[in-house]
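J.: Structure incoming, see below.
The values are calculated or read from the model by the stated rules, or taken from the named source; none is laboratory data. For clarity, every value in this text was computed on a predicted model and none was experimentally measured. Keep in mind that these areas ignore ligands, DNA and RNA; they rest on the heavy atoms of the full protein, side chains included. Shrake-Rupley method; radii C 1.70, N 1.55, O 1.52, S 1.80 Å.
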Amino acid sequence: MYSYHEIKDYGKDWTLKKLSYRVHYHFIEIKIKGETSKLSEVEFNMMINSEGIVDIQYQIKKIPDEFVREIGIYLVLDNLPDSLAWTRDTYWSYYP
């Protein structure tokens, strides 16, 4: 429950379809393709550099035909990170 509106978790039935990676000199590139029953195909492209910086880009091929209040990714992190920052290009750019 978020605020007074329920936000659906469209990733509950996630199925991995393809996982690949390439090791470069200063970073590793990880590509993940999968799907859920509601979102069809979802692709992730992650780059992790030698300084521990993670860049994640994703693309959703089919968004549900219902009113979707929020859509994105979330990360479950341990207490180890000493900083966390993000940039995003959104419709409402004044939200963090």
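J.: Taking only protein heavy atoms into account and a 1.4 Å probe, give the accessible area per residue of the range 18-62 in Å².
T.: Here the residues of the range 18-62 average 74 Å² of exposed surface.
J.: Okay, next question. D for the range 25-92, whole µm²/s, Stokes-Einstein with Kirkwood Rh over alpha-carbon pairs at 37 °C and 0.692 mPa s: what number?
T.: Result for D is 230 µm²/s.
J.: In whole percent, and with a 1.4 Å probe on the protein chains, what portion of the accessible area of the range 1-83 is carbon and sulfur?
T.: On the range 1-83, the fraction of accessible area on carbon and sulfur atoms equals 52 percent.
J.: Using a 1.4 angstrom probe and counting only protein chains, how large is the accessible area of Val68 in Å², to 10?
T.: Around 40 Å² of this residue is reachable by solvent.
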